[in-house]
Ligand code: N01
């Protein structure tokens, strides 16, 4: 009788079947011929797009750039319907990719990884699932996403709430019925800003609890025209070239002009045109918006002026425009009628900066000033970003060193890809890489391809393991810090880029802010020079 026991030993294990895990699987299995298994907690592919099904969930990258570009055929055969892809459409795309490349047979769904331990004697990783099973592999690749560990603030009283509550990143698959309900939404980051107009249109009343006011630029979402779709299909190589050469991996070029090269009137006209165009491109109006605070102030004032123009009630407008950080120093949201939603009679804005949420009561939310009766609470309160998904698993490297211990003062690694003491562990879009500062598929393709080439080279050289030296890690951490310091990004003190949204988390600027193109060339040079700063062992 054939042995039906599932295999437990592999060349490589990949954790996660989102954008990064799928492509990593394809590269290692089909290009290098390795025996690969993907472990995925969800019951389907999609990662972020499997879990984030909240109302209004849509990508802020323009659809023609929010896909893989490694395959011209795949790029040309897939057609997006709108300027920004909605969550169900992205999920359809990733399912299409999984089917097209026959990936599902190498993915184990409904399997959450609890921990991983490196065994020096066998040079292998033992990965334990929450079901108690152990699988081993020479290489371990985390494809767990940067924003996958939901942050539900520890408000006292939440367990006594008599209504229903949800975190946007763990949204029920069969949706939430808001009709006739009094809804409270906590959080005004990109997610809260996307969800607010949609929930307001469905609920009896929506109360938005704002701790930090935020900028937002209109998305101007619309169906794509046949002409545009044709243009995209005909320009795979050029679009790929632009996305790979710009700092943020988007398909537009940052204008090569300073805020100070133009007159105040010209600047106003440029901002008006950028506002009319909409989307993340607003940042590209001038080259110095993220490095010169006074230059940034001109954009900030323009955007605050727009809030005051749109929002009819002056007190609400002032609260929304009372923004404490430079424009785009936090991830800049884009929206569909966010500010105009506060003109609806069924929407209230509550300031929880000056009167914080004190507790959740059985019937609603109580702030330092008042109590708000609610049937449903939506927490759009973000994520334990970047390090959270990695540290949630118990990862133990050489001589019992845990990742939690290695990173207790903040993440330390080399190129955002590898950590000393953790041989053959690769972290796709890990802290210390451009990741969240970049259009994610571009960052993901670059990491996956670098890891694939690294493993191929290791095997070709007859070597068994690779890990960075402590000195190379120190040097990279310094470069990550320097890159952040040369921008205005660390000036947003409440930002999740700094870990500031999670109490007790070390305040370290996590992503690499030197730009995707520069980062790519650093990684390419390391590979071309034979991996200096890395120990490659037999
Ligand atoms: O989370 P956030 P998000 N009491 O951390 C507030 C990506 N994304 O889910 O700023 C009261 O940005 C918190 O207040 P403050 C994108 O990269 C992409 O919105 O900490 N409020 C903030 O207002 C994005 O940046 C897309 O003072 C509390 C909000 O909750 C990232 O995901 C769409 C609180 C959290 O904002 C995360 O965005 C959406 C408390 N105790 C998101 N704790 C697309 O492109 C937190 N808050 C599709």
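The values are calculated or read from the model by the stated rules, or taken from the named source; none is laboratory data. All values reported here derive from a predicted model rather than from experimental measurement. Please note: Cβ atoms are built from the backbone with ideal geometry, for glycine as well, and neighbour counts cover all protein chains shown.
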* **In the range 486-499, residue nearest to residue 211 (Cα to Cα) [restricted to those that are away from the ligand (no atom under 12 Å from the Cβ) and assigned to a loop (DSSP other than H, G, I, E, B)]** => 488
* When the range 72-97 is examined, which residues are found to be closer than 29 Å to residue 12 by Cα, touching a residue at least 24 places away in the same chain (Cβ under 8 Å) and surrounded by fewer than 19 Cβ atoms within 10 Å (Cβ to Cβ)? -> 72, 74, 95
* Out of 502, 442, which single residue is surrounded by 14 or more Cβ atoms within 10 Å (Cβ to Cβ), modelled with pLDDT under 95, in the same structural domain as residue 389 (by TED's automatic domain parsing) and within 16 Å of the ligand (Cβ to nearest atom)? -> 502
* **Hits in the range 353-386 - residues which are within 32 Å of the chain's Cα centre (by Cα) and surrounded by fewer than 16 Cβ atoms within 10 Å (Cβ to Cβ)** => 353, 354, 355, 356, 359
* Structure fact -> Residues of the range 188-227 being without any contact (Cβ under 8 Å) to a residue 60 or more places away in the chain, closer than 21 Å to residue 63 by Cα and either within 13 Å of the ligand (Cβ to nearest atom) or not in a loop (DSSP other than H, G, I, E, B) (or both), in sequence order, are 226, 227
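A quick yes/no check of all residues on (1) at pLDDT 95 or above; (2) within 16 Å of the ligand (Cβ to nearest atom); (3) surrounded by fewer than 21 Cβ atoms within 10 Å (Cβ to Cβ); (4) not in a loop (DSSP other than H, G, I, E, B):
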position	(1), (2), (3), (4)
20	yes, yes, no, yes
25	yes, no, no, yes
30	yes, no, yes, yes
33	yes, no, yes, no
42	yes, no, yes, no
49	yes, yes, no, yes
* Does the range 255-278 include one or more residues that are within 30 Å of residue 500 (Cα to Cα) and within 16 Å of the ligand (Cβ to nearest atom)? -> yes
* Among 369, 304, which is the only one that is touching a residue at least 12 places away in the same chain (Cβ under 8 Å) and closer than 19 Å to residue 495 by Cβ? -> 304
* Structure fact -> The number of residues in the range 291-330 that are within 16 Å of the ligand (Cβ to nearest atom) and surrounded by fewer than 19 Cβ atoms within 10 Å (Cβ to Cβ) is 3
* Where in the range 307-397 are there helices (runs of 4 or more DSSP H), lying wholly inside it, with at least 2 residues that are assigned by TED's automatic domain parsing to the domain that holds residue 437? -> 388-391
* Output the number of residues of the range 282-297 satisfying the condition of being part of a helix (DSSP H, G or I), under 18 Å from residue 214 (Cβ atoms) and free of Cβ contacts under 8 Å to residues at least 60 places away in the same chain. => 2
